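Trainee: Questions regarding the structure given below will be posed in turn.
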Amino acid sequence: MRTKWRNFRTVNDIPLRYKFLLIYVLSILLPIIAINLFFYQRTSADIKVREQENLRKSIDRATGELVGMIDESVALSRMIAADDSLYEALDRTYQSPVEYYNEYHVFLRDKLTRYMSANILEVRIFTNNDTIQTGSHYIVMKDKGTTLPGIEQLNQASGDILVIDYEEESGFSRGKRISVIGKMKTFTSYANYAKYSKIDLEVNRIYSILNRETNSLQLRLVDGNNRPVVSSARFPADGEWSGDVDAEYVLEKSLGNLAYLDGWKLIGVADTRHVDQLLNEARNSILWLAVISVIVPSVLIYFILRSYHYRIRKLSRHMEKVRNERFDLIEIQEGRDEIGGLIRTFNMMISKIHSLINDVYKLEIRHKDLELDQVRTELSMLQSQMNPHFLFNTLNALLVVSTKNGYTEVSEIIKSLSLLMRQLLSRSDNLIPLQEELQFTTLYLQIEKFRFGDLFDYTLDIDPQAAGKRIPRMSIQPLVENACKHGLQARKTGRLIHITAQLEESGLTIGVIDNGVGMEQDRLRQLIQDVRSDQAKDGSHVGIRNVYRRLELFYEGHATFTIRSEKGSGTEAGFHIPADRL
């Protein structure tokens with residue numbers, strides 16, 4: 001029992017990373033490599049056995065076709081030897097060539113042509129009857145150059161039929177010849193002259209049989225004297241046998257045990273390039289299979305073990321922090337397995353420790369009260385930017401002076417401004433119709449128009465359906481004021497502000513566009529950062545920041561505030577209120 005415990009202690013001392021690596025190597029990598037090596041060896045052996053079997057079938061098929069050609073010629077030779085009428089015509093002594101030619105045209109002319117077939121090139125009969133005239137099918141052996149090839153071997157052979165090969169050097173068809181020659185001595189009553197039949201096989205037909213398997217097998221026909229007769233196109237030369245040809249891919253097949261085929265055989269040499277190609281294809285397939293079978297499990301195991309190892313390390317590090325009195329939560333996706341359960345339990349423990357140490361409940365209540373006070377204070381500050389009594393007193397003073405001096409336009413503007421401000425201060429609702437907000441904004445634009453004259457102009461593109469929608473008070477005018485102050489101030493002529501309000505399915509979109517100097521992207525990013533911060537760096541852009549803060553407070557973060565600008569192309573500022581908040 002102690003020995004087993006010691007073994008477990010040895011395993012427990014190994015780092016987790018090396019345990020995973022050991023499991024991967026011993027349980028996945030080595031078994032996959034061993035299985036694929038074994039599979040490759042068995043596949044290679046099966047390919048070699050299958051190819052050898054195919055070679056044996058190929059050489060058997062070729063041997064059968066060659067023997068069939070020879071047997072057909074032998075049968076034809078015996079048929080000719082059994083034709084008594086042919087014996088009688090060849091054994092007759094003709095008194096004159098005219099008498100022979102009459103017999104030839106009447107009887108002998110077509111006697112042998114009926115035996116012709118696709119496997120037979122020519123059928124001839126040789127005789128020493130000098131009263132016959134040498135012609136296409138009947139040859140007199142006493143004539144010059146008309147000796148029957150192989151006649152000496154035939155006379156010495158025990159049988160009446162012999163298969164020979166030789167080179168034809170005369171006549172119209174020169175070249176390699178394979179012939180079946182036979183003695184015609186069946187009828188002893190017609191034995192005045194010697195008679196022999198000679199049937200030439202179609203050599204091209206033999207070539208086609210040998211070349212049929214040229215992609216995988218090279219064949220050579222060898223006669224009884226072990227001399228090559230016919231070979232396929234790429235049969236190895238004699239000097240190449242020892243080096244390039246594997247002995248297990250050289251096959252010999254005898255054509256038969258008959259006397260006229262004694263020693264004739266067919267030699268087959270396998271094209272090892274074909275076998276090598278099959279082995280290479282098998283090796284590549286198994287290699288790809290091995291690569292895939294290694295990569296896919298490896299990737300899967302990597303991600304699984306990485307998740308396991310990563311979370312274990314996180315848990316270990318945070319427990320080390322706890323020992324150093326640092327109570328930090330583990331901010332990762334725990335998962336639903338056992339490790340995730342440990343992490344969730346650890347986080348719960350840390351949360352309870354925080355609660356006990358800091359008395360979180362009371363702090364949260366106090367924090368919420370402070371937040372409510374801050375919101376109320378900020379709303380009051382935003383909505384009460386100026387003292388109304390001071391404003392009205394100032395406007396009345398300006399109105400009196402303008403009327404006294406005859407400044408009619410200024411007087412009208414001050415009257416309108418006073419009226420609108422009274423309406424504004426008289427309403428307690430913080431949301432007003434868009435149309436009312438545009439009236440305030442138009443008033444400010446008229447003041448700017450009065451100030452700059454023809455150097456400034458403005459346009460409004462308002463969706464009629466959006467006019468009645470309620471928006472926070474003073475949410476458009478500060479954007480217009482910012483555009484006039486920062487965007488158009490540096491522009492000398494052609495100052496233009498365009499205000500748009502479009503009601504869509506997604507909500508209400510409002511934009512203020514100027515054709516001012518614009519700003520660079522770095523400055524734009526800094527402006528957006530200042531607007532969204534609790535307090536701007538330099539105290540500028542208070543109006544835009546107020547609009548942003550009011551939208552955040554009224555719509556609880558659901559409204560979006562955007563600013564887009566390009567250097568030299570103007571600036572666009574606006575906001576979008578979702579449809580469910582209108």
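The values are calculated or read from the model by the stated rules, or taken from the named source; none is laboratory data. Keep in mind that what you see is a predicted model, and the values were worked out from it rather than measured. Backbone-built Cβ (ideal geometry, glycine too); neighbour counts: all protein chains shown. Side chains are part of the model used for accessible areas, which takes the heavy atoms of the whole protein and leaves out ligands, DNA and RNA. Shrake-Rupley method; radii C 1.70, N 1.55, O 1.52, S 1.80 Å.
Trainee: Sorted by mean Cβ packing within 10 Å, highest first, what order do the peptides 471-480, 276-285 take?
Mentor: Final packing ranking: 471-480, 276-285.
Trainee: Determine the share of region 456-582's accessible area contributed by carbon and sulfur atoms, expressed in whole percent, with a 1.4 angstrom probe.
Mentor: Accessible surface attributable to carbon and sulfur in region 456-582 totals 47 percent.
Trainee: Gap in Å between the Cα centre of region 18-41 and the Cα centre of region 546-569?
Mentor: 61
Trainee: Please work out whether region 448-582 counts as rounded, prolate or oblate from its C-alpha gyration tensor, where a ≥ b ≥ c are the square roots of the eigenvalues and a/c under 1.5 means rounded, while otherwise a/b larger than b/c means prolate and anything else oblate?
Mentor: Oblate.
Trainee: Would you mind calculating the relative contact order of region 117-211 from Cα pairs under 8 angstrom and at least 6 residues apart, reporting the percent as a whole number?
Mentor: Relative contact order here is 33 percent.
Trainee: Compute the length gained on full extension between Trp288 and His354: take 0.36 nm times their separation in residues and subtract their Cα-Cα distance, giving the result in nm to one decimal.
Mentor: 18.1 nm
Trainee: In Å², and per residue, what accessible area does region 50-92 have when probed at 1.4 Å with the other protein chains present?
Mentor: Averaged over the residues of region 50-92, the accessible area is 40 Å².
Trainee: Also, I was wondering about something else. Just to confirm, what accessible area per residue do you get for region 495-576 at 1.4 Å probe, in whole Å²?
Mentor: 51
Trainee: Count charges around Glu320 for me, please; just the other residues with Cβ under 14 Å from its Cβ, Lys/Arg as +1, Asp/Glu as -1.
Mentor: In short, +4.
Trainee: Tell me the carbon and sulfur percent of the accessible area for region 194-351, rounded to whole percent, probe radius 1.4 Å.
Mentor: 53
Trainee: At R0 = 25 Å, how high is the FRET efficiency between Gln153 and Ser85 if r is their beta carbon distance? Nearest 0.05 is fine.
Mentor: It comes out at approximately 0.30.
Trainee: Here's something else I'd like to know. Where the centroid of each part is defined by its Cα atoms, how far is region 53-83 from region 149-207 in Å?
Mentor: 16
Trainee: Which of the peptides 319-332, 28-41 is most tightly packed, and how do the rest follow, going by the mean number of other Cβ atoms within 10 Å of each residue?
Mentor: 28-41, 319-332
Trainee: Give me the net charge of Ile164's neighbourhood, meaning all other residues with Cβ under 10 Å from the Cβ of Ile164; Lys, Arg count +1, Asp, Glu -1.
Mentor: 0
Trainee: Something else now. Rounded to the nearest whole Å², what accessible area per residue is found for region 170-228 with the 1.4 Å probe?
Mentor: For region 170-228, the per-residue accessible area is 48 Å².
Trainee: While we're here: Residue-wise, which Karplus ³J(HN,Hα) couplings in Hz belong to region 108-119, taking 6.51 cos²θ - 1.76 cosθ + 1.60, θ = phi - 60°, and x for glycine or proline?
Mentor: Couplings: 7, 4, 9, 5, 9, 5, 6, 8, 6, 8, 5, 8 Hz.
Trainee: I've got another one for you. For Arg61 and His105 in the same chain, what is the full-extension length gain: residue separation times 0.36 nm, less their Cα-Cα distance, in nm?
Mentor: That works out to 11.6 nm of additional length.
Trainee: So, in nm, how far is label Val322 from label Leu455 when the simple model puts each one 7 Å beyond its Cα toward the Cβ?
Mentor: Label-label distance for Val322 and Leu455, simple model: 7.1 nm.
Trainee: Pop out the ³J(HN,Hα) list for region 547-557 in order, Karplus 6.51 cos²θ - 1.76 cosθ + 1.60 with θ = phi - 60°, rounded to Hz; leave Gly and Pro as x.
Mentor: 4, 4, 5, 5, 4, 4, 6, 5, 10, 6, x
Trainee: Label points 7 Å out from Cα along the Cβ direction at Val401 and Asn430: separation in nm?
Mentor: 3.6
Trainee: Here's another thing I want to ask about it. Express in nm, to one decimal, how much length is gained between Glu169 and His274 on full extension, taking 0.36 nm for each residue of separation and deducting their alpha carbon distance.
Mentor: Taking 0.36 nm per residue and subtracting the Cα distance, the gain is 34.0 nm.
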